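My structure is below; once you've seen it, I'll send some questions.
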Amino acid sequence: MKICGSCHQIYTDDLGFCPLDGRRLAAALTESEVRIALGLADRFRIIGRLGEGGMGTVFLAEQIALGNRPVAIKLLHRSLVEDPEFLLRFHNEAASTARIHNPNVITVYESGQADDASPYIVMEYLEGVTLRQRIRERGAFPVPETVDIVQQTARGLSAAHRLGIIHRDLKPDNIFLTRGDEGEVVAKVMDFGIAKLRQSATRTLTGMVLGTPAYMSYEQASGMPSDRLDARSDVYSLGVVTYEMLTGRAPFYADTPLGYVKQHVFEEPPPFRTIRPGLPVSPEIEWVVMKALRKDREERYQTPVEFARDLAAAAAPAGPTMDISKLFPSIERDSPPPTYKPAEPSPQLMTSPATADVAVQTPPPTAVEGIFEPPDATPREMPPAPLPQVTYAPAAPETAPIPLRTDLPTWVKYGAPGVGLLAVLVIGIWYLTRPAPRPAPPPKATAPKTSPVNPSPADMISIPGSTFVMGRNHTGNFEESPAHSASVASFQLDKRPVTISQYAEFVKRTAHTPPQGWVNGALEGAAPNWPVTDVSWNDANAYCCWKGLRLPSEAEWEFAARGNDGRLYPWGNNFSPLLTNSREAKLGKPEAVGAHPDAASPFGVLDMSGNVWEWTADDFKPYPGGLLLSDIPPNAKVSRGGSYESDKFHVTTTARAYEPASKPSPTIGFRCAK
């Protein structure tokens, strides 16, 4: 069972978010956890379990003395108390973490021990998603969004580095994306020093993996002791995270931790073009990321701030281009930097011997599901200057503007304007004195080449007009929020999506260009009763107009799918792979329309979850008061409902996506309205 920390409603385990207020659900407590909760009952009210890891459990709670403030409590395993050295390390690291005051670092409120002596940490409770979840959902990020998140992460790391605190385990799971007071996206770094804390606990917790192999630095992979790592280790890990954000995958992949270690030590990261040919990332940006991934930490960026500054400079729209052949296939150690002007070198940051043992641990992500020897340098100081805010302007045109000529003859400079003025006067006199044109004869009445195929009443569902709540709050998908009031007038909607056979008739009778992959009027390998796909928004709109209909608005689509009761799926609030063709169904392709009659919406409309996304009439834009995490391409149109490739969190009645109107997709179809 799961429970909502806001309304305290109880739900089944297959639901991730509260359908009433959109908050992430916490697992209900077991009997043993209830006993633990009683040990903290004088100060905290434990609501439910958010997650569990190798070292402890994270609970959602309310801090009673501070107006029932929602908090996350990390409670470490009771067995760790038997190790005095670990317990001392825990208290030191908790105290160090609490010293970091930065908007890009999770806030730690306090630490202590429960009645049974189990150590715990209390920290702020965050609503949002980890960067790991966002990468899984979207793949590669746009460059401006990547730069923004890297800048914020660098600020958080730098705040810790100034206190001598090194993260040692930076990865997308430890970067949390939430919202600020003004609705802006805020990245917060979590789990400082967790790798070092794990290392001190290995005598108690056998078999624990230290760090995360895919993101560990060259120094870590080479076996350097944890207390000799410095800020440049975090720079390397941040470089791996940036590489993954830009390409959609980490630079190295292996089946075992040892495989990762060998690649970090002996192999260079593959160039972007070998990962994703045609990736819209400039060579300047790639050069900056590859510098952060240098094996020798003396050749690497010395601080996260330097890395973030150069990344922002490389992403500036006015920067010149670079010949990528100068950088790849291998990165020359002594190769010059790109032709844009990088940030001035900042002093290196190192931990001094006095502070090398000061490491921090913060709990794992608090509201997340499914969370995987070079010589020492001379100590230096952190540069005091903060990271600059970067404003992203539209990209400069590929062709340079034509310069004005200054060497023209005098008669051209001064005579040409006079000739132009005379021409305007002559044309004006002719226009005023010309004879009136004869009216054109009326066109002859001709029968249309094709007549629309009007739908029968059985093909469409009548839906009454209403005002309803559109979207939902506190969801990991920012484009779905905030919830807001919307109204629709009475309308009719196709009961099922348009099929391949129906679209084939349209192509036959209008000579419209068939979708890609069609042979002899049908998609090769597909059934006639599958929903038609590989049709652009323009194609779908043309079909609807041919039938005397139109595409539904986004509000009409959502109201037809969820009705007035705000249900999360067309059939209710609980997900079932038997009621939709989603990723959980493991079909991997479309299926016949109307295959799930038990999954009808409140109005009897079918196939509004999964199978294929469906075009709507609207341009894609944020909801009122909402915020989007990426740039929207020109003429982007909204699609709704998810597809056979979408998971259960993206086949909901509120899920939104977009594509340019001219771009067809194998996962997008449509239905008509009137």
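The values are calculated or read from the model by the stated rules, or taken from the named source; none is laboratory data. Quick caveat: nothing in here was measured; it's all calculated off a predicted structure. Glycine also receives a Cβ, built like all others from the backbone with ideal geometry; neighbour counts cover every protein chain displayed.
Quick one: in region 503-528, which of the residues that are within 36 Å of the chain's Cα centre (by Cα) and buried (at least 16 other Cβ atoms within 10 Å of the Cβ) is nearest to Gly588 (Cα to Cα)? Spell out the reasoning first.
If we filter region 503-528 for residues that are within 36 Å of the chain's Cα centre (by Cα), which is where we start, we get 503, 513-518, 522-528.
Add one more test, that the residue is buried (at least 16 other Cβ atoms within 10 Å of the Cβ), and what stays is 503, 514-515, 518, 522-523, 526.
Details: Tyr503: 22, Pro514: 23, Pro515: 20, Trp518: 20, Ala522: 20, Leu523: 17, Ala526: 13 Å.
Ranking the candidates gives Ala526 first.
Applying the selection to region 546-581, what residues are out of contact with any strand residue (DSSP E or B) (no Cβ under 9 Å at 6 or more places or on another chain) and hydroxyl-bearing (Ser, Thr, Tyr)?
Tyr569
Still on this structure: Select, from Asp234, Asp227, Asp255, the only residue that is modelled with pLDDT of 90 or more and of a type in the set (D, E, K, R).
Values: Asp227 fails: modelled with pLDDT of 90 or more; Asp255 fails: modelled with pLDDT of 90 or more.
The conditions single out Asp234.
Looking at region 463-567, what helices (runs of 4 or more DSSP H) fall wholly within it and have at least 1 residues that are under 30 Å from Glu145 (Cβ atoms)?
On the way: elements: 500-510, 537-546, 554-562.
So the answer is 537-546, 554-562.
Name the pairs: first residue in region 161-188 and under 20 Å from Ala231 (Cα atoms) and basic (Lys, Arg), second residue modelled with pLDDT under 90 and not in a loop (DSSP other than H, G, I, E, B), Cβ to Cβ under 8 Å, at least 6 apart or on different chains?
That search, which allows pairs on different chains as well, returns Arg168/Ile194; Arg168/Ala195; Arg168/Lys196; Arg168/Ser226.
For region 606-620, check the following and say yes or no: at least one residue is under 17 Å from the mean Cα position of the chain (by Cα) and either part of a strand (DSSP E or B) or not assigned by TED's automatic domain parsing to the domain that holds Glu554 (or both). If you could, list the steps in order and put the result at the bottom.
Filtering region 606-620 for residues under 17 Å from the mean Cα position of the chain (by Cα) gives 620.
From what is left, the residues that are either part of a strand (DSSP E or B) or not assigned by TED's automatic domain parsing to the domain that holds Glu554 (or both) are none.
Within region 606-620 (the criterion being under 17 Å from the mean Cα position of the chain (by Cα) and either part of a strand (DSSP E or B) or not assigned by TED's automatic domain parsing to the domain that holds Glu554 (or both)), the answer is no, since none of the residues qualifies.
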